[in-house]
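This report concerns only the one structure given below.
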Amino acid sequence: MEDLRIKLENQGYFNISYIVVNHQGSPSQLKHAHLKKQVSDHIAVYRQEEHQTDVWTLLNGNKDDFLIYDRCGRLVYHLGLPYSFLTFPYVEEAIKIAYCEKRCGNCSLTSLEDEDFCKNVSSATASKTAEPSETHNHHKHHDKHGHERLGSSKPEENQQPGVSDEEAGLLLPPAGLHQHHHKHKGQHRQGHLES
């Protein structure tokens, strides 16, 4: 996760908070110090107490889920396995969308610098998609194997962030991806983080 944090920061995505929520069970509590050593000081590790209500149950989440919130604390994406694997582009794209797009409405916490940055990102993306692509035209399947390709800026309900409309037809909607607007949409899963 630290690699992704650094990558986004190098691209200009600043002031993003990253939090790891550890499971409240005894085995996970014993591994808390080890987990904390595994992440950088820029990523908080939240330790649950055994007597409190489980955070993952409250959030309708599971181990390895990513919940992406906007600046105003509104849930924009809930990604579950396998879409939460950091080797796939979904978490990164969901963070970028939550950072720049107003999926859940305006947020008074957006600074002028953030707005300018997002306008620049949007115009750069628009100019890239306007240019004809010369790479991989003869092998369309390569797009699914790690080549970054930004699709529609407004994915349909249950479409993975960063996947074009064309590719979305090739992928089944994931059970673990929930796109949120003002009201929660889609089914939620319940579970616990187990380490």
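Of His42, His78, His23, His51, how do they rank once you tally other Cβ atoms within 10 Å and put the fewest first?
On the way: His42 13, His78 26, His23 20, His51 6.
Going from least to most buried by this count: His51, His42, His23, His78.
Put the Cα centre of the range 95-119 next to the Cα centre of the range 1-73 and the gap is 22 Å. Modelled this way, with points 7 Å down the Cα-to-C-beta line, the labels at Ile6 and Phe85 are 2.3 nm from one another.
If the segment from Arg47 to Glu115 were pulled out straight at 0.36 nm per residue, it would be longer than the present Cα-Cα gap by 21.1 nm.
Every read-out reported here was derived from the displayed coordinates using simple, explicitly stated rules and does not represent laboratory data. Note that the coordinates shown come from a computational prediction; the quantities given were computed from them, not determined experimentally. Positions of Cβ are backbone-derived with ideal geometry, glycine not excepted, and every protein chain shown enters the neighbour counts.
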